[in-house]
Amino acid sequence: MTDDEFDALLRSADPARTPLDTTPGPADRARLHAIMAASPQRTSAGPVDRLRAAFAAARRTSARPALRWSGALAVVAIVVAGALGIASLTAAPAYAQTPPLLVVEHLDQSIDDVLAASISVLRSAPERVAGRDAEVVRWALREDGSDDPVIVPEWQRWVWNSDGTGQLEATAGAPYSVTSDGRIVAPAGDAPTEGQPIVGPRSEAGRYGYFPDEPPADPAALRAYFAERTGLAPDADALAVWGAVSALRDEWSLSPAQQAAALELLRDAGGLRVLGHVTDRFGREGIALQVASTDRPDFSATVVLDADSREIIAADIVYRGDSGRIDVPKDSVIEYSVWLRR
């Protein structure tokens with residue numbers, strides 16, 4: 001694919017949302033990874049499918065440089081399930097390349113019981129105004145092939161300015177490493193300073209991201225909202241629905257009713273099961289659900305609901321093996337997101 005063909009494809013996938021000379025940033029790649037909206041058998045391509053295809057083509061164009069931090073730290077790139085090429089960790093074999101899985105304790109409830117209780121709790125909760133001001137802490141496996149035993153979570157939040165421009169502000173979180181037996185230890189190599197800013201793209205207010213308008217709290221209306229803004233197909237499976245929900249959660253601090261609608265969409269898509277009680281990476285007690293797909297069995301999502309409020313507070317993307325596209329062990333966490341209540 002030539003540069004001209006790539007630019008034409010990118011413009012058709014993302015009309016007027018970003019300047020033509022804007023380099024894709026972490027948030028853009030997050031959208032690509034999170035919104036897995038198309039089945040491999042589906043032939044009609046929506047806007048998200050075309051954008052993902054464009055970035056897959058971009059990764060095959062060696063003339064386009066990899067995104068990097070200024071200084072020693074490479075930008076953490078979100079893994080794109082359809083275009084992966086990750087080298088194995090060789091520089092520090094005593095350390096794992098990925099964070100440990102969440103520790104799960106058995107919960108003797110069915111998925112139907114957990115979802116019914118969660119939706120009921122959310123629907124009966126005091127109403128809270130939603131805002132396009134979500135804050136998320138995210139880490140994702142690098143896809144640039146570099147060996148790096150240091151894990152650097154990234155703090156991201158939306159900021160809207162008085163002049164009508166908006167930006168995603170991001171800073172480096174506290175870096176750490178993981179030993180081969182799963183212990184979290186001090187960084188085992190070069191690491192950024194906690195709080196180091198990441199310079200991101202700017203854009204016209206209301207035109208940045210997928211969701212400039214407040215999402216509805218009715219399941220049917222929310223489904224139509226996703227279809228319009230992400231190209232979510234009518235027959236999308238639970239993993240595709242979760243991709244749209246997680247992308248929305250990145251931009252909006254959702255009300256309880258909106259989160260209930262999201263859970264209803266996941267319930268109706270099927271493919272969920274209860275994993276059990278967990279403590280998320282910020283020490284919050286929760287209930288973990290697994291979201292899987294028959295079309296993409298090599299990946300699953302672990303979605304964490306707050307144990308009390310039942311709001312969506314965290315999620316991991318887990319590699320289940322057998323894809324031949326990632327050189328990490330089976331059942332490795334390749335991305336995690338932690339959403340903070342504002």
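The values are calculated or read from the model by the stated rules, or taken from the named source; none is laboratory data. Keep in mind the model is a prediction, meaning the values are calculated, not measured. With ideal geometry, Cβ positions are generated from the backbone for all residues, glycine too; neighbour counts draw on all protein chains shown. Areas reflect the complete protein model, heavy atoms only, side chains present, ligands, DNA and RNA absent. Shrake-Rupley method; radii C 1.70, N 1.55, O 1.52, S 1.80 Å.
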- On the given criteria, is GLY200 over 25 Å from PRO149 (Cα atoms), surrounded by 11 or more Cβ atoms within 10 Å (Cβ to Cβ) and at pLDDT below 85? no
- Reported set for the range 214-232 where residues are assigned to a loop (DSSP other than H, G, I, E, B) and buried (at least 19 other Cβ atoms within 10 Å of the Cβ) is PRO215, ALA217, GLY231, LEU232
- Query: LEU101: among the aliphatic types (A, V, I, L, M), part of a loop (DSSP other than H, G, I, E, B) and at pLDDT 90 or above, yes or no?
  - Reply: yes
- Which one of these is touching a residue at least 12 places away in the same chain (Cβ under 8 Å) and among the acidic types (Asp, Glu): GLU285, GLU228? GLU285
- State the number of residues belonging to the range 218-261 that are small (Gly, Ala, Ser) and closer than 20 Å to PHE299 by Cβ. 9
- Task: Being of a type in the set (Gly, Ala, Ser) and not in a loop (DSSP other than H, G, I, E, B) is the filter; apply it to the range 265-297 and report the residue that is surrounded by the fewest Cβ atoms within 10 Å (Cβ to Cβ).
- Result: GLY276
- Hits in the range 169-182 - residues which are outside any strand (DSSP E or B) and either modelled with pLDDT of 90 or more or among the acidic types (Asp, Glu) (or both): GLY173, ALA174, PRO175, ASP181
- Query: How about the range 300-342: which of its residues are over 18 Å from PRO100 (Cβ atoms) and touching a helix residue (DSSP H, G or I) at 6+ places or on another chain (Cβ under 6 Å)?
  - Reply: LEU305, ARG310, GLU311, ILE312, TRP339
- Message: more than 19 Å from the chain's Cα centre (by Cα), small (Gly, Ala, Ser) and closer than 27 Å to ASP235 by Cα: which single residue out of SER309, SER300, SER323, SER337 fits that description?
- Response: SER323
- Task: Evaluate the following for VAL121: is it open to solvent by 10 Å² or more (accessible area, probe 1.4 Å), within 23 Å of LEU289 (Cα to Cα) and modelled with pLDDT of 90 or more?
- Result: yes
- Note on the structure: Residue pairs within 6 Å by beta carbon, gap of at least six or interchain, first lying in the range 318-329 and open to solvent by 30 Å² or more (accessible area, probe 1.4 Å), second of a type in the set (A, V, I, L, M, F, W, C), listed first then second, are ARG325/LEU84; ASP327/ILE86
- Query: Would you pick out the residues in the range 245-264 that are open to solvent by 10 Å² or more (accessible area, probe 1.4 Å) and hydrophobic (A, V, I, L, M, F, W, C)?
  - Reply: TRP252, ALA257
